[in-house]
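The values are calculated or read from the model by the stated rules, or taken from the named source; none is laboratory data. Quick caveat, the model's predicted, so the values are computed rather than measured. Cβ: placed from backbone, ideal geometry, glycine included. Neighbour counts: every protein chain shown.
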Amino acid sequence: MEDILITEKIGLTESSKKAGKKLLAQVWRYKKTLIGGMVCSVFMTLMFNASALIVKNFIDDALGAKNIEKLVFYSWLMVAIFAVRWVFAYFATYLTTLGGLKVVEELRNKCYTSLQGMSFGFFENRRVGELVSRISNDTGVVQMFVTSGVSEAFRIPIAIISGLGIAIYMSPKLTLYAFIVLPAIAGVVAIAGKMMKNASIILQEQIASLNVILTEILSSMHIVKSFSMEEYEIERFAKENNLTVETTLTQVKIRALYSPMVELLGACGLAFILWVGGKDIINGAINPISGKPLTTGALLGIFIVLQQIFTQVNRINHVNLSLQHAFAAAERTFEIIDMKPDIREKHNAVVIPEIMGNIEFKNVFFSYNPDEVVLHDINVKVEPGMVVALVGSSGSGKSTFAKLLPRFYDVDSGSVTIEGVDIRDAKIASYRPQMGMVPQDTILFCATIKENIAYGRIGASDEEIYEAAKAAYAHDFIMEMPEGYDTMVGERGVTVSGGQRQRIAIARAILKDPRILILDEATSNVDNISEKYIQKALEKLMESRTTFVIAHRLTTIRDADIILVMENGRIVERGRHDELYEYNGAYRRLYDLTLQNGDD
Ligand SMILES: Nc1ncnc2c1ncn2[C@@H]1O[C@H](COP(=O)(O)OP(=O)(O)OP(=O)(O)O)[C@@H](O)[C@H]1O
Ligand SMILES: [Mg+2]
């Protein structure tokens, strides 16, 4: 499995360039919208530059000639130009934003689809905060780039070239002078760009780590509370938060230092132009293109145009930065999109129609990490309707055994077969829905009780949901809740007790009516009455299906058709309760030590 915890590298790397190309291919799919937006933004810029020409004519033709008619005309023309510019501005913003949103919508859906395809094991080893940040923040950065970066990359050169055209038309000499200042500005812009980029990468990393703390701690508040670690967490957050502020300040300092510096340089350049131009006007120097002397209007016009050009040069930085961020973010986003599921289905996978309950583990070896074998040579044959109990000390591999059945993981060697079909050769969607799991620790969704039960079978009728809840001995306590079945369960179901949560999980499983039931019995301390109800509910659930139960309660174990005693990933004993008890081996030791405590 690839490690997706890479940090952003400074500058464009080979891999981020590759991701950038892929991103641009994605962007290209919305070309009509985006090109529409870009064309509008180009017109917007051209309108602005045209206004410099109007100012020139206003001053030279109207003011200079004291022509009131022309004065009114140019005033209205100015208004008209800006009105038209307004229309273009609207479509430019709307279309480029629309394009950006569409690209990001698609990327987010692809990320999510890819994640849904990943195995159980993938999520056991990942930080959720990190994944959330990828889907929300990184795609956000990409959106910014598509919305503003892409169109600016297109618009800025046009703005500069058209501006220069007008400047040259007004005064080639002054434009030439402007070119003397321009490199100095570009130099400062480049230096500032580099510094800003480094600062902003550090800032992004800082924000990401703040987010990871937030998601992780807030989703494990019960642990924080139970260890009274609030103060510790407050301090930890405050430290991280403060670091974020400091990092932001560094970035602001750089921006505060360089931005006005670029403006100052620009102003020096403009002052220089005004000085040279003013002298030319006083001396009546001739414009070689028009053959006429430089006019006050032309000087003012060139002033406006140059100012616009300097601003655009300054924007190049922004575009460059946005592109690098977006490419790096795209790299992380595509990493998720392109992940190959570690549990893959063969294309000629067979369908297992209805599971009768013939299941076999044959010489199964399994390890989570290559250096530690967790299951050794497991051989079990199960017939329809059997109840198989797994017992053993903590860490002996019981849950791992159970996770191999739905193919949450693949075995290293050996095979798991259902109805004689190796599950690696079968369509997952044909057998997994026929399995029901009641985990040791049920997490309820942030939804109503009804919706939580209905997750067992989307589309179940209310009647069926009530029936399932009744069978799980959950109906009574649900009816006592403020809004009955419509009561919202808080995040992670904290307002429902452990025993109640488990009965909801059982109701879910009853509603699903699976052919194979996998039960991780809770060892958690539920009260005696709750326990009895859970026991009864479980018995009902185990009827008429094949059941694997990781058992801690004697009642479950005593009635099991076969008990597998596990030790360090091996099945060391197997048989029925009485036989094993008599045998006086590992089971007897385990029974005497722990199991009988679970008896009621
Ligand atoms: N996702 C995982 N990644 C790596 N190792 C794991 C993972 N899950 C379990 N293990 C390891 O595999 C071994 C068996 O764990 P397993 O959860 O199957 O034990 P168990 O018998 O269910 O224990 P318990 O009774 O405490 O639930 C343990 O050594 C455990 O540390
Ligand atoms: Mg376990």
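Couple of notes before you dig in:
- Residue under evaluation Ile557, criteria (1) modelled with pLDDT of 80 or more; (2) within 34 Å of the chain's Cα centre (by Cα), criterion not met: (2)
- Restricting Leu265, Leu249, Leu274 to residues that are free of Cβ contacts under 8 Å to residues at least 40 places away in the same chain and surrounded by 15 or more Cβ atoms within 10 Å (Cβ to Cβ) narrows the list to Leu274.
- Selection count, the range 86-110, where residues are charged (D, E, K, R) and closer than 17 Å to Gly36 by Cβ: 1
- Residue identified as within 16 Å of ligand 2 (Cβ to nearest atom) and either in contact with a helix residue (DSSP H, G or I) (Cβ under 6 Å, 6 or more places away or on another chain) or modelled with pLDDT under 90 (or both) among Val319, Val351, Val374, Val388: Val374
- Here is the figure for the range 286-310: residues that are hydrophobic (A, V, I, L, M, F, W, C), within 20 Å of Ala65 (Cα to Cα) and in contact (Cβ under 8 Å) with a residue 12 or more places away in the chain total 4.
- Among the residues of the range 531-541, the one identified as under 39 Å from the mean Cα position of the chain (by Cα) and under 17 Å from Pro384 (Cα atoms) is Leu541.
- With a requirement of 1 or more residues that are touching a strand residue (DSSP E or B) at 6+ places or on another chain (Cβ under 8 Å), the helices (runs of 4 or more DSSP H) lying completely within the range 81-150 that satisfy it span 120-124.
- Of all residues making up the range 371-384, the number that are closer than 11 Å to Ile359 by Cα and either aromatic (Phe, Trp, Tyr) or outside any strand (DSSP E or B) (or both): 2
- If you check Arg553, Arg574, Arg589 for being within 16 Å of ligand 2 (Cβ to nearest atom) and charged (D, E, K, R), only one passes: Arg553.
- Only one of the numbered conditions (1) out of contact with any helix residue (DSSP H, G or I) (no Cβ under 8 Å at 6 or more places or on another chain); (2) more than 16 Å from ligand 2 (Cβ to nearest atom); (3) not charged (D, E, K, R) is not met by Gly121, and that is (2).
- Those residues of the range 179-196 which are over 30 Å from Gly165 (Cα atoms) and surrounded by 18 or more Cβ atoms within 10 Å (Cβ to Cβ), in sequence order: Met196
- The one condition from (1) modelled with pLDDT of 85 or more; (2) away from ligand 1 (no atom under 16 Å from the Cβ) that Thr495 does not meet is (1).
- Residue match in the range 26-44 (condition: among the small types (Gly, Ala, Ser) and more than 41 Å from the chain's Cα centre (by Cα)): no
- Within the range 278-299, the set of residues being buried (at least 19 other Cβ atoms within 10 Å of the Cβ) and farther than 13 Å from Ile168 by Cα comprises Asp280, Thr295, Gly297.
- Looking across the range 385-404, the residues that are out of contact with any Leu (no Cβ under 8 Å at 6 or more places or on another chain) and more than 6 Å from ligand 1 (Cβ to nearest atom) come down to Gly385, Met386, Val387, Lys403.
- Enumeration of residues in the range 391-426 that are within 14 Å of ligand 2 (Cβ to nearest atom), part of a helix (DSSP H, G or I) and not basic (Lys, Arg): Ser399, Thr400, Phe401, Ala402, Leu404
- Pairs where the first residue, in the range 323-344, is under 22 Å from Glu205 (Cβ atoms) and the second is among the acidic types (Asp, Glu), C-beta under 6 Å, 6+ apart: Ala328/Glu8; Ala329/Asp138; Arg332/Asp138; Thr333/Asp138
- Scanning the range 530-582 for residues that are of a type in the set (Ser, Thr, Tyr) and either within 14 Å of ligand 1 (Cβ to nearest atom) or surrounded by fewer than 21 Cβ atoms within 10 Å (Cβ to Cβ) (or both) turns up Ser530, Ser544, Thr555, Tyr581.
- Of all the numbered requirements in (1) out of contact with any helix residue (DSSP H, G or I) (no Cβ under 7 Å at 6 or more places or on another chain); (2) surrounded by 20 or more Cβ atoms within 10 Å (Cβ to Cβ), Thr442 misses one, and that requirement is (1).
- The set of residues in the range 124-147 that are of a type in the set (Lys, Arg) and in contact with a helix residue (DSSP H, G or I) (Cβ under 7 Å, 6 or more places away or on another chain) comprises Arg127, Arg134.
- Options Val87, Val104; residue that is of a type in the set (Val, Ile, Thr) and at pLDDT 95 or above: Val87
- Selection count, the range 197-241, where residues are more than 30 Å from Arg255 (Cβ to Cβ) and out of contact with any Gly (no Cβ under 6 Å at 6 or more places or on another chain): 19
- Restricting Asp377, Asp338, Asp342 to residues that are over 30 Å from Gly163 (Cβ atoms), more than 16 Å from ligand 1 (Cβ to nearest atom) and of a type outside the set (Lys, Arg) narrows the list to Asp338.
- Some residue of the range 30-40 being charged (D, E, K, R) and buried (at least 19 other Cβ atoms within 10 Å of the Cβ): no
- Flag if Glu480 is at pLDDT 85 or above, more than 16 Å from ligand 2 (Cβ to nearest atom) and within 29 Å of Thr546 (Cβ to Cβ): no
- Any hit, the range 124-147, residues being within 16 Å of ligand 2 (Cβ to nearest atom) and in contact (Cβ under 8 Å) with a residue 12 or more places away in the chain: no
- None of Ser51, Ser41 is among the hydroxyl-bearing types (Ser, Thr, Tyr), within 27 Å of Ile161 (Cα to Cα), modelled with pLDDT of 90 or more and touching a Ser or Thr at 6+ places or on another chain (Cβ under 6 Å) except Ser41.
- Residue within the range 411-418 that is within 16 Å of ligand 1 (Cβ to nearest atom), without any contact (Cβ under 8 Å) to a residue 60 or more places away in the chain and surrounded by fewer than 22 Cβ atoms within 10 Å (Cβ to Cβ) present: yes
- Residues located in the range 356-374, provided they are near ligand 1 (Cβ under 9 Å from one of its atoms) and β-branched (Val, Ile, Thr): Val374
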